Structures are given as C-alpha cells and as structure tokens.
Amino acid sequence: MDDETADTNEIQRKSARVTHGQPDRPGGVPGRGGRKTLWCTLGAAAVLEVAIIVWWIVPSSKSSALSDCAGLATHAEQRRCLDPIFENAARSENAQTVLHTLTKLVRTGVLDDCHLFAHEFGHVEFEVQGSLAIAMGAGDASCLNGYYHGVVEAAVYHAASEGKVDIADMCRDLRGDDLAYDACDHGLGHGLLNVNGDVMQSREDCASLPGNYDRQRCVDGVLMENSMRYLDLDDGHYRKSAPHACAGLSLSPADLDSCNAEIGEIAMFHYKHNLNAAFEICQAVGNSSGDAACERGAREELVTSQRAHQSG
C-alpha cells in the first residue's frame, strides 16, 4: 500500500466514525486521538527527539521546541508534536513551565491559541499523576482553563475504564477554588461525551451534579466537546460534518442555541481564528437561528482570543 492510499484510507475511517457519532478515538487515552497512537507515529521525528533531550538543559529550548510544533500546518500535527514534550514535562514535574510557555507563545503571536493544547497537556498530566487532585494542583488556569478541563476529562475517562464513573463528587474537593471548581464542572462534560459518545446521554449524566450551575457548566462541556470531536478531520470532511454537529439532537432551545454557538467557536480553532472561514461553516448549519448562533460563537471566540493575545 502506498502512502497516498494509506492516507486516503485513514481519512475515510475517521469520517465514517464521525458520521456514526463516534469520532476517531484510538485506544488508551481520552480525547481526540489516543496517545498510544501518537507515540507510534513519532518514530521518524528525529528533530523532535533532540528538542526533548535539550528541553530541560537549555531554558530557551522550551519556547523553541513548542514554537516548532506550533508552526506545523494542522491541529492534529501540532498535537502529535507536542505530546511527547508534554509527557516529559509531566514526569519532570514542570507543568507550570509548560503552561507559562504556552501563554507566552500566544501573547507573542507564535501560537494562535493554547486552550486545546492545554486540554491535551491536562490529559497527559493526569495519566502521569493518576490523581485528579494532584494533577489539578500541578497546573493552573492558564490558557483559559484548558489544562483544568483536560485533567478532569482524563479523570472521567479513567474512572469509566474501571467501571466506576460517579461524577457527583468528583469536583467536591475543589470547592475552595472557584476557578478550578468551575473548570472541573465543565471538564466533566467533556469527559462524559468522550466516554459514551452520546450527547443526550451525557446531558442526562450531568443532571446528577448537585446544583443548577454545576449541571449547566457540565452540559456546556458536553456541547463544546460535541464540536471539538471533529477537529482532527481533514478540512474537506470537517466542512461536511462540523456544521451538522447539533442536527437531530432533542435539546432545549437554550441548549440548542449553545450547541450551535459551539460550532462557531470550535471552527475558529480549526481555522486559526479566521473569522470568514468560520462563518462559512456557520452558513452551512442549515437554518437561520442556528447560523446566527454559530456566527455569534465565532465572534465571541475572536474577542476571547484577542484578549488572550494581549494578556496571555
């Protein structure tokens, strides 16, 4: 099988699984693509191996290695490049260094956004630490809480793998830290959808949380993950699938509006905050209210991104 045929088969496999509500999630790890698979794809990346070796020896290499990864063409390629760097940092107990470097790269314009990468780093940190509390304490709210979201997402996945998902008390010990607690509620939603792939079931699971605010933040995480799970598709398949992320879901009017807004928000990540490109996705949602909500989500994400570039 030649490389072109192999790439085509992989694209078709991913597209088929998204069409049936189960986006590609190779085994072993929560999120958009398993890290066991990522490790298998990195054997030829000699320059990256060198970057990892010098990562903790030369301080400037931290920014340089992350910058090299950020310069890759697609989100999936960037994530594959960053993943072993993240594991090295987690095992060396340097989560804060990675997060601060990511925010610096956003502030200086080298990296378009760090929220999704911080999600991935949160996955890695939890895998290394094996404890929600320890992993949450190792990082902070950098990258708009992306790290926190990723830690909790991974914790839910881990609990599910052991057959004991009980989200009602997972965030209890974080109630003294408002940012971490809010991010935990939201991360639960991401994790639930990663586990079962079903938006409506995940929404029902969020109902087990103790308060209305907790439940809604969990649902917000479900709806965000619902659009995020298309990110690793190539652009052609993304354009065909992403606009219809909310189609056929029996949501309340408010949640449907939020769901469509997430399509626009995540399209901004996919297109590196190109508003016009995101609007093209929104125009394919298929109804005027959905299109409008999607465009609102894209605009709001643009404002959020601009603030992040100013403040990190």
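Could we say that residue 204 is surrounded by fewer than 18 Cβ atoms within 10 Å (Cβ to Cβ), closer than 24 Å to residue 261 by Cβ, out of contact with any Phe, Trp or Tyr (no Cβ under 7 Å at 6 or more places or on another chain) and of a type in the set (D, E, K, R) here?
Working: surrounded by fewer than 18 Cβ atoms within 10 Å (Cβ to Cβ): yes; closer than 24 Å to residue 261 by Cβ: yes; out of contact with any Phe, Trp or Tyr (no Cβ under 7 Å at 6 or more places or on another chain): yes; of a type in the set (D, E, K, R): yes.
It is true that residue 204 is surrounded by fewer than 18 Cβ atoms within 10 Å (Cβ to Cβ), closer than 24 Å to residue 261 by Cβ, out of contact with any Phe, Trp or Tyr (no Cβ under 7 Å at 6 or more places or on another chain) and of a type in the set (D, E, K, R).
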- Message: Name the residue that is surrounded by the fewest Cβ atoms within 10 Å (Cβ to Cβ), counting only residues in the stretch 133-147 that are touching an Asp or Glu at 6+ places or on another chain (Cβ under 8 Å) and assigned to a helix (DSSP H, G or I).
- Response: 133
- Query: Looking at the stretch 63-102, which of its residues are out of contact with any helix residue (DSSP H, G or I) (no Cβ under 8 Å at 6 or more places or on another chain) and buried (at least 21 other Cβ atoms within 10 Å of the Cβ)?
  - Reply: none
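Please specify each residue of the stretch 280-303 satisfying the condition of being more than 10 Å from residue 263 (Cβ to Cβ) and either touching a residue at least 40 places away in the same chain (Cβ under 8 Å) or surrounded by fewer than 20 Cβ atoms within 10 Å (Cβ to Cβ) (or both). Lay out the reasoning, then the answer.
Of the residues in the stretch 280-303, the ones more than 10 Å from residue 263 (Cβ to Cβ) are 280, 283, 286-289, 292, 296, 299-303.
Within the stretch 280-303, 280, 283, 286, 287, 288, 289, 292, 296, 299, 300, 302, 303 meet the criteria.
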- Looking only at residues in the stretch 207-233 that are closer than 17 Å to residue 268 by Cα and not in a helix (DSSP H, G or I), which one is modelled with the lowest pLDDT? 232
- Task: Restrict the check to the stretch 103-110 and report whether at least one residue is modelled with pLDDT of 85 or more, in contact with an Asp or Glu (Cβ under 9 Å, 6 or more places away or on another chain), over 22 Å from residue 307 (Cα atoms) and crowded, with 19+ Cβ neighbours inside 10 Å.
- Result: no
- Task: Out of 292, 298, report the one residue that is over 17 Å from residue 112 (Cα atoms), of a type outside the set (Phe, Trp, Tyr) and out of contact with any strand residue (DSSP E or B) (no Cβ under 9 Å at 6 or more places or on another chain).
- Result: 292
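For the stretch 159-198, give me each residue that is hydrophobic (A, V, I, L, M, F, W, C), in a loop (DSSP other than H, G, I, E, B) and either in contact with a Lys or Arg (Cβ under 6 Å, 6 or more places away or on another chain) or surrounded by fewer than 24 Cβ atoms within 10 Å (Cβ to Cβ) (or both).
Quick first cut of the stretch 159-198, residues hydrophobic (A, V, I, L, M, F, W, C) only: 159-160, 165, 167-168, 170-171, 174, 179-180, 183-184, 188, 192-193, 195.
So of that shortlist, the ones also in a loop (DSSP other than H, G, I, E, B) come out as 165, 170-171.
Correct list: 165, 170.
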- Message: Out of the residues in the stretch 219-236 meeting the condition of being touching a residue at least 40 places away in the same chain (Cβ under 8 Å) and touching a Lys or Arg at 6+ places or on another chain (Cβ under 7 Å), tell me which one is surrounded by the fewest Cβ atoms within 10 Å (Cβ to Cβ).
- Response: 231
- Query: Given the structure, is residue 219 under 18 Å from residue 252 (Cβ atoms) and of a type in the set (Val, Ile, Thr)?
  - Reply: yes
- Message: Just to be sure I understand the filter: pairs with C-beta atoms under 8 Å, separated by 6 or more residues or on different chains, first member in the stretch 197-208 and touching a residue at least 60 places away in the same chain (Cβ under 8 Å), second member in a helix (DSSP H, G or I) and acidic (Asp, Glu). Which pairs pass?
- Response: none
- Can you name the condition, by its number, that residue 216 falls short on among (1) crowded, with 16+ Cβ neighbours inside 10 Å; (2) in contact (Cβ under 8 Å) with a residue 12 or more places away in the chain? (2)
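Scan the stretch 67-84 residue by residue and report those that are aliphatic (A, V, I, L, M), modelled with pLDDT of 80 or more and within 17 Å of the chain's Cα centre (by Cα).
Going through the stretch 67-84, the residues aliphatic (A, V, I, L, M) turn out to be 70, 72-73, 76, 82.
Those left that are additionally modelled with pLDDT of 80 or more: 72, 82.
Correct list: 82 only.
Select, from 159, 254, 242, 277, the only residue that is touching a residue at least 24 places away in the same chain (Cβ under 8 Å) and small (Gly, Ala, Ser). I'd like the intermediate steps shown before the answer.
Working: 159 fails: touching a residue at least 24 places away in the same chain (Cβ under 8 Å); 254 fails: touching a residue at least 24 places away in the same chain (Cβ under 8 Å); 277 fails: touching a residue at least 24 places away in the same chain (Cβ under 8 Å).
Result of the check over 159, 254, 242, 277: 242.
The values are calculated or read from the model by the stated rules, or taken from the named source; none is laboratory data. As the structure is a computational prediction, the values presented were derived from the model and not from experiment. Cβ atoms come from the backbone with ideal geometry, glycine included; neighbour counts cover every protein chain shown.
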